[in-house]
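Asker: Pasting a structure below so you can have a look.
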Amino acid sequence: MKEKLVLIGNGMAGMRTIEELLALAPDLYDITVFGAEAQANYNRILLSPVLAGEKTIDEIMLNDEHWYMDRGIVLYLNSEVTGIDRNNRRVTTADGVSAEYDRLLIATGSQPFILPVPGHDLPGVIGFRDIHDVDTMIDAAQHYRHAVVIGGGLLGLEAANGLLRQGMKVTVVHIGDILMERQLDSAAAKLLRKSLTERGIEFVMGAETAEIVGKKRVQGVRFKDGREISADLVVMAVGIRPNVALAKSAGLYCERGVVVNDTMQTYDPRVYAVGECVQHRKQTYGLVAPLFEMAKTCANHLAELGWARYAGSLTSTRLKVTGIDMFSAGDFTGDETSDEIVLQDAARGVYKKIVIKDHKIRGAVLYGDTVDGAWYFQLMREQSPIEDIRDRLLFGQGHLGDSGHGANAVAAMADSAEICGCNGVCKGTIVQAITQKKLFTLEEVRAHTKASSSCGSCTGLVEQLLAMTLGGDYSAAPQNKPMCPCTHFTHDEVRTAIRERELTSIPAVMQALEWTTPNGCASCRPALNYYLISTWPHAARDDYQSRYINERAHANIQKDGSYSVIPRMWGGVTTPDELRTIADVVDKYKIPTVKLTGGQRIDMLGVQKETLPMVWADLNKGGLVSGHAYGKALRTVKTCVGQEWCRFGVRDSTQMGITLEKMTWGSWMPHKFKMAVSGCPRNCAEATIKDFGVVAVESGWELHVGGNGGVKVRVTDLLCKVASEEEVLEYCGAFIQLYREEARYLDRTAPWIERVGLSYVKQRIVEDADGRKALHARFLDSQTLAQSDPWAERASHGVDKHEFVPLKRLA
Amino acid sequence: MPTKPNIKLVKTPMTAAADIKHTPPAGAWIEVGRLDDIPRLGARVVCAPDGDIAVFRAADDHVFALRDQCPHRGGPLSQGIVHGHKVTCPLHNWNIDLQSGTALAPDVGCAGVYSTRVENGVVFLYTAPLPSADCSGSSE
């Protein structure tokens with residue numbers, strides 16, 4: 001006999017919980033759903049586009065009645081639950097249906113607040129909440145002329161825009177002087193008002209409604225100051241109130257909302273609540289992202305997993321009136337202890353403000369140019385220190401307009417415009433997937449369209465498309481993102497657990513942290529393997545089955561399944577004998593392509609896997625070893641010729657490069673790691689776009705960190721200047737070790753430094769001399785185990801033989 | 001509560017008709033090696049005249065065999081990371097179910113499936129692919 005789960009409220013939050021629950025435990029409950037509306041579950045946040053005539057009702061349905069049927073869910077529509085009998089665990093509806101429950105989920109949502117002024121109950125006075133309201137508005141637009149929207153907030157303005165698009169003359173009445181004062185400051189609100197006025201919406205500001213005038217139907221609105229305007233339709237959008245009456249009548253403790261704890265339970269542990277009807281840690285929410293986070297947590301407990309906790313949400317808001325870009329997040333007003341950076345360009349219609357406290361972003365308002373909203377929101381959620389990038393902060397991440405896509409005004413793009421240059425996904429495809437497949441998150445768009453799933457440089461564009469398509473309140477991923485769907489722990493938490501609980505194997509980690517899959521996935525296993533071998537170089541065994549194929553085969557897999565081979569050339573210097581060896585190997589094994597790499601090495605492409613050990617054996621004989629061009633490891637140290645030949649060179653950069661490469665080769669890192677040494681400030685080795693770059697100057701060496709080319713070019717930050725070669729080596733080893741110990745798997749140094757801040761790295765490497773020496777010592781210690789040529793092991797010592805020969809050949 | 005008709009049953013006559021026209025390739029059970037020759041959570045390749053077959057060993061020692069070609073762009077599945085009864089293609093991270101050969105949603109596609117069995121630590125493979133009921137039917 002299955003337990004019975006009853007859901008009151010067939011809206012987005014409740015049904016999202018059911019969907020999450022079914023994904024976790026499809027057969028745990030007999031489920032019954034009561035919905036007060038006539039329709040099955042639809043996407044309420046898309047009501048504005050329906051009103052504006054940009055979408056139809058059918059396009060915003062999430063789950064039709066067949067969906068419920070196919071899953072054996074009993075659905076009652078038009079069926080308002082009027083009573084909860086907690087003693088007998090039974091709910092009853094107005095029309096006499098009753099259902100027993102073992103667990104109850106309340107998701108009754110909220111309703112628009114109707115001002116209790118005289119005339120508020122006249123025909124033609126409505127809220128903006130459901131399909132019925134939208135129908136009423138569309139119908140009114142056919143027969144009447146003048147609409148008045150009371151309330152200049154997000155919902156009110158979207159309603160006003162929709163009614164305008166339906167052909168009505170629209171006046172927005174706002175009690176204050178600032179539109180959307182919960183999201184905007186006065187400067188941004190002025191720009192918004194100007195833009196909406198140009199579209200034809202009229203505003204009455206600072207007006208408090210005293211009375212709705214009319215006899216049989218609304219005829220006008222009168223204000224406290226005596227002014228009066230005519231109206232055939234009045235939409236009240238002055239706020240929402242959580243629907244708590246039902247919960248209250250059942251004796252559940254309510255304040256503004258139904259009070260729940262971090263596991264979404266009310267004061268009765270059998271009764272859960274999610275969505276706009278709840279109050280969690282004194283907060284109520286009216287945006288979709290928090291509802292989904294609540295749903296995830298609640299489903300986790302209903303599925304009897306019992307570990308998830310909801311800790312509240314940071315929210316960001318976008319107004320999606322087509323053609324108006326606005327973004328707002330967090331505390332955008334600030335106080336005497338915070339400060340702000342502002343950019344204002346009225347002619348371009350652009351306004352940006354960021355509020356900063358203790359070197360961290362507390363809030364932001366963007367108008368006209370919202371490209372960087374997602375980035376600011378991420379910095380805010382992660383509490384990243386920004387003092388080192390403060391001077392550039394307002395100019396944005398420069399994330400867009402790099403390789404792969406030139407433009408950034410996503411709203412203005414044609415449907416055929418390519419968004420994801422890696423996978424060739426255009427705007428129309430993404431928008432279509434979002435609407436037709438009912439996608440809400442970046443991860444879902446990635447899974448369905450592949451956009452932003454390769455190099456990730458178009459992530460900002462895809463997030464904008466989500467925001468644009470979903471309307472009002474798309475919000476980015478939650479603050480503490482689990483490292484993959486197999487766990488609810490973040491990278492940093494997993495790493496801390498490995499260190500503090502002395503976990504030394506992947507099964508031990510998975511057991512200790514209650515992994516939800518038997519052996520992880522292709523995303524978490526390589527990360528765990530790296531964390532283990534970098535934390536416990538002596539105690540942890542390198543698990544090859546958890547390594548990506550390139551690191552297992554010590555060569556780069558190509559699109560046809562063949563491999564490429566790149567031997568190390570120390571500091572980019574080679575000899576006639578080495579070149580002869582390479583030429584002989586290419587001839588002997590008929591390697592189709594030989595190519596020079598950007599890192600001053602030679603690449604042999606098109607080697608079959610079975611041939612690899614033979615190729616390596618021949619290369620080994622000529623003194624050539626693995627270049628690790630396939631690994632999350634030290635790749636190359638690029639050098640210029642330096643003092644030995646160059647008439648400008650001030651130091652021996654080539655030798656410095658060779659020495660650095662000899663010290664660092666073979667070490668596994670969170671991501672690939674590139675170095676370069678230039679012999680003078682002309683910097684011919686391009687050291688300032690490397691993870692660790694060294695530039696010789698007359699008085700010593702400049703050390704630069706955190707650069708990279710590629711998707712998003714980032715120039716290094718200057719770490720410090722040192723005098724001696726020994727110092728270069730020590731600082732280099734210490735920097736690498738800090739990166740190895742603290743960066744997340746698959747973080748290059750650039751995003752890592754942007755997250756922790758250059759000041760932190762300087763403090764650890766430059767200011768803390770003892771700490772630096774200790775880091776360097778730990779690096780050298782791990783290197784004693786790492787510096788063994790993997791090619792020689794496999795070519796001559798029989799390591800991993802099974803990797804390279806077929807199990808069997810059939811005749 | 002009405003339930004959805006099982007679509008697979010509807011297709012049976014079609015498959016039978018197709019079988020008359022194209023006789024399925026004759027296969028045979030052959031020994032391919034010892035279970036211990038395949039690393040746990042790993043795979044080995046059996047080279048066959050009409051293309052490689054990937055033989056996988058899951059953590060629970062279940063053995064599976066698929067055509068060594070991802071339905072997406074032909075990537076060698078034998079080189080992927082094995083987890084649960086799934087493998088992730090090394091080229092573009094499609095996840096393929098080892099039992100059915102089908103790509104996990106939202107991706108759509110199917111790699112040919114071969115029967116395997118293990119007796120006394122020895123792995124046997126049936127050299128003709130299974131009639132691919134799951135492959136021809138859309139997973140939608």
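Asker: Of the conditions (1) in a loop (DSSP other than H, G, I, E, B); (2) under 30 Å from A:Lys712 (Cα atoms); (3) outside the structural domain of A:Leu729 (by TED's automatic domain parsing), A:Pro670 fails just one. Which one is it?
Answerer: (3)
Asker: Among the residues of the range A:69-87, write down those that are in contact with a Pro (Cβ under 9 Å, 6 or more places away or on another chain) and either at pLDDT below 90 or in a loop (DSSP other than H, G, I, E, B) (or both).
Answerer: A:Arg71, the sole residue that qualifies.
Asker: Would you confirm, using the coordinates I've provided, whether A:Asp584 is surrounded by fewer than 18 Cβ atoms within 10 Å (Cβ to Cβ), within 14 Å of chain B (Cβ to nearest Cβ) and over 29 Å from the mean Cα position of the chain (by Cα)? If you could, list the steps in order and put the result at the bottom.
Answerer: On the way: surrounded by fewer than 18 Cβ atoms within 10 Å (Cβ to Cβ): yes; within 14 Å of chain B (Cβ to nearest Cβ): no; over 29 Å from the mean Cα position of the chain (by Cα): yes.
No; evaluated as a whole, the condition is false for this residue.
Asker: Please go through the range A:707-724 and give me each residue that is in a strand (DSSP E or B) and touching a residue at least 24 places away in the same chain (Cβ under 8 Å), ordered by number.
Answerer: Kept after step one, since they are in a strand (DSSP E or B), are these residues of the range A:707-724: A:708, A:714, A:717-722.
A:Asn708, A:Arg714, A:Asp717, A:Leu719, A:Cys720, A:Lys721 - these are the residues of the range A:707-724 that are in a strand (DSSP E or B) and touching a residue at least 24 places away in the same chain (Cβ under 8 Å).
Asker: Filter the range B:88-117 down to residues that are assigned to a strand (DSSP E or B), free of Cβ contacts under 8 Å to residues at least 60 places away in the same chain and within 11 Å of the chain's Cα centre (by Cα), then give me how many there are.
Answerer: Residues in the range B:88-117 being assigned to a strand (DSSP E or B), free of Cβ contacts under 8 Å to residues at least 60 places away in the same chain and within 11 Å of the chain's Cα centre (by Cα): 6 in total.
Asker: Mind listing whichever residues of the range A:414-445 are of a type in the set (S, T, N, Q) and over 26 Å from A:Lys481 (Cα atoms)? Walk me through how you get there before you give the answer.
Answerer: Our first condition is that a residue be of a type in the set (S, T, N, Q); within the range A:414-445, this holds for A:416, A:423, A:429, A:432, A:435-436, A:441.
If the condition is that a residue be of a type in the set (S, T, N, Q) and over 26 Å from A:Lys481 (Cα atoms), then A:Ser416, A:Thr429, A:Gln432, A:Gln436 are the ones that fit.
Asker: Take the conditions of a type in the set (Ser, Thr, Tyr) and modelled with pLDDT under 85 and apply them to A:Ser384. Does it pass? Can you show your working first?
Answerer: Numbers: of a type in the set (Ser, Thr, Tyr): yes; modelled with pLDDT under 85: no.
So A:Ser384 does not fit the description; no.
Asker: Of all residues in the range A:510-551, which are more than 24 Å from the chain's Cα centre (by Cα), under 17 Å from A:Trp668 (Cβ atoms) and away from every other protein chain (no Cβ under 13 Å)?
Answerer: A:Leu532, A:Ile533, A:Ser534, A:Thr535, A:Trp536, A:Pro537, A:His538, A:Ala539, A:Ala540, A:Arg541, A:Asp542
Asker: Looking at the structure I just gave you, is A:Arg222 part of a helix (DSSP H, G or I) and basic (Lys, Arg)? Working first, answer last.
Answerer: Details: part of a helix (DSSP H, G or I): no; basic (Lys, Arg): yes.
Against the criterion (part of a helix (DSSP H, G or I) and basic (Lys, Arg)), A:Arg222 does not qualify.
For every residue, the table says whether it meets (1) closer than 30 Å to A:Thr32 by Cβ; (2) touching a residue at least 24 places away in the same chain (Cβ under 8 Å).
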{"position": "A:Tyr101", "(1), (2)": "yes, yes"}
{"position": "A:Leu104", "(1), (2)": "yes, yes"}
{"position": "A:Pro118", "(1), (2)": "no, yes"}
{"position": "A:Leu122", "(1), (2)": "no, yes"}
{"position": "A:Ile131", "(1), (2)": "yes, yes"}
{"position": "A:Val134", "(1), (2)": "yes, yes"}
{"position": "A:Asp139", "(1), (2)": "no, no"}
{"position": "A:Val148", "(1), (2)": "no, yes"}
{"position": "A:Gly151", "(1), (2)": "no, yes"}
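Asker: Run down A:Arg794, A:Arg764, A:Arg744 and say which single residue is farther than 22 Å from A:Ala629 by Cα and either part of a loop (DSSP other than H, G, I, E, B) or more than 14 Å from chain B (Cβ to nearest Cβ) (or both).
Answerer: Details: A:Arg794 fails: farther than 22 Å from A:Ala629 by Cα; A:Arg744 fails: farther than 22 Å from A:Ala629 by Cα.
Answer to the selection: A:Arg764.
Asker: Out of the residues in the range A:55-68 meeting the condition of being in a helix (DSSP H, G or I) and touching a Leu at 6+ places or on another chain (Cβ under 8 Å), tell me which one is modelled with the lowest pLDDT. It would help to see each step written out before you state the result.
Answerer: We begin by selecting, within the range A:55-68, every residue in a helix (DSSP H, G or I); these are A:58-60, A:65-68.
Okay, now just the ones that are also touching a Leu at 6+ places or on another chain (Cβ under 8 Å), so A:59-60, A:65, A:68.
Working: A:Glu59: 80, A:Ile60: 83, A:Glu65: 88, A:Tyr68: 94.
Once the filter is applied, the top-ranked residue is A:Glu59.
Asker: Oh, and also: Identify the single condition in (1) at pLDDT 95 or above; (2) farther than 25 Å from A:Gly666 by Cα; (3) surrounded by fewer than 18 Cβ atoms within 10 Å (Cβ to Cβ) that A:Ala774 does not satisfy, given that it satisfies every other one.
Answerer: Against the list (1) at pLDDT 95 or above; (2) farther than 25 Å from A:Gly666 by Cα; (3) surrounded by fewer than 18 Cβ atoms within 10 Å (Cβ to Cβ), A:Ala774 comes up short only on (2).
Asker: Kindly establish whether A:Leu115 is assigned to a strand (DSSP E or B) and either modelled with pLDDT under 90 or surrounded by 14 or more Cβ atoms within 10 Å (Cβ to Cβ) (or both). Steps first, answer last, please.
Answerer: Details: assigned to a strand (DSSP E or B): no; either modelled with pLDDT under 90 or surrounded by 14 or more Cβ atoms within 10 Å (Cβ to Cβ) (or both): yes.
Considered against the rule, which asks whether it is assigned to a strand (DSSP E or B) and either modelled with pLDDT under 90 or surrounded by 14 or more Cβ atoms within 10 Å (Cβ to Cβ) (or both), A:Leu115 comes out as no.
Matching residues to (1) under 24 Å from B:Val32 (Cα atoms); (2) at pLDDT 95 or above; (3) surrounded by fewer than 15 Cβ atoms within 10 Å (Cβ to Cβ); (4) within 12 Å of chain A (Cβ to nearest Cβ):
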{"position": "B:Arg57", "(1), (2), (3), (4)": "yes, yes, no, yes"}
{"position": "B:Asp68", "(1), (2), (3), (4)": "yes, yes, no, yes"}
{"position": "B:Leu91", "(1), (2), (3), (4)": "no, no, no, yes"}
{"position": "B:Trp94", "(1), (2), (3), (4)": "no, no, no, yes"}
{"position": "B:Ala105", "(1), (2), (3), (4)": "no, no, yes, yes"}
{"position": "B:Val108", "(1), (2), (3), (4)": "no, no, yes, yes"}
{"position": "B:Val123", "(1), (2), (3), (4)": "yes, yes, no, yes"}
{"position": "B:Cys135", "(1), (2), (3), (4)": "no, no, no, no"}
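Asker: Can you run down the residue pairs with Cβ atoms below 9 Å, 6 or more apart or on separate chains, where the first is in the range A:800-811 and within 7 Å of chain B (Cβ to nearest Cβ) and the partner is acidic (Asp, Glu) and not in a loop (DSSP other than H, G, I, E, B)?
Answerer: Pairs found: A:His802/B:Asp37; A:Pro806/A:Glu610; A:Leu807/B:Asp37; A:Lys808/B:Glu31.
Asker: Looking only at the range B:70-85, count every residue that is crowded, with 20+ Cβ neighbours inside 10 Å and facing chain A (nearest Cβ under 8 Å) and tell me the total.
Answerer: Taking the range B:70-85 as the starting set, the residues that turn out to be crowded, with 20+ Cβ neighbours inside 10 Å are B:70-71, B:75-83.
Subsequent filtering for residues that are facing chain A (nearest Cβ under 8 Å) retains B:75-76, B:79-83.
Summing the residues that are crowded, with 20+ Cβ neighbours inside 10 Å and facing chain A (nearest Cβ under 8 Å) in the range B:70-85 gives 7.
Asker: Among the residues of the range A:39-54, which ones are in contact (Cβ under 8 Å) with a residue 60 or more places away in the chain and either farther than 21 Å from A:Leu154 by Cβ or not in a helix (DSSP H, G or I) (or both)?
Answerer: Here is the first cut: in the range A:39-54, the residues in contact (Cβ under 8 Å) with a residue 60 or more places away in the chain are A:39, A:42-54.
Within the range A:39-54, A:Gln39, A:Tyr42, A:Asn43, A:Ala52, A:Gly53, A:Glu54 qualify.
Asker: Under 8 Å between Cβ atoms, at least 6 apart or on separate chains: pull out the pairs that start in the range A:606-625 with a residue that is closer than 22 Å to A:Gly571 by Cα and end on any residue that is at pLDDT below 95 and among the hydroxyl-bearing types (Ser, Thr, Tyr).
Answerer: Pairs that qualify, where the first residue is closer than 22 Å to A:Gly571 by Cα and the partner is at pLDDT below 95 and among the hydroxyl-bearing types (Ser, Thr, Tyr), are A:Asn620/A:Ser796.
Asker: Let me ask you something else. Take the residues in the range A:72-112 that are within 14 Å of another protein chain (Cβ to nearest Cβ) and aliphatic (A, V, I, L, M), then tell me which one is nearest to A:Arg241 (Cα to Cα).
Answerer: Taking the range A:72-112 and keeping what is within 14 Å of another protein chain (Cβ to nearest Cβ), we get A:72-76.
This time we only want the ones that are aliphatic (A, V, I, L, M), so: A:73-75.
Numbers: A:Ile73: 29, A:Val74: 28, A:Leu75: 26 Å.
Result: A:Leu75.
Asker: Please work out if A:Gly757 is modelled with pLDDT under 95, more than 14 Å from chain B (Cβ to nearest Cβ) and within 30 Å of B:Phe124 (Cα to Cα).
Answerer: Details: modelled with pLDDT under 95: yes; more than 14 Å from chain B (Cβ to nearest Cβ): yes; within 30 Å of B:Phe124 (Cα to Cα): no.
Judged against the criteria, A:Gly757 is not a match.
The values are calculated or read from the model by the stated rules, or taken from the named source; none is laboratory data. Remember, predicted model here, so these are calculated numbers, not experimental data. Note that we place each Cβ from the backbone using ideal geometry, even for glycine, and neighbour counts take in every protein chain shown.
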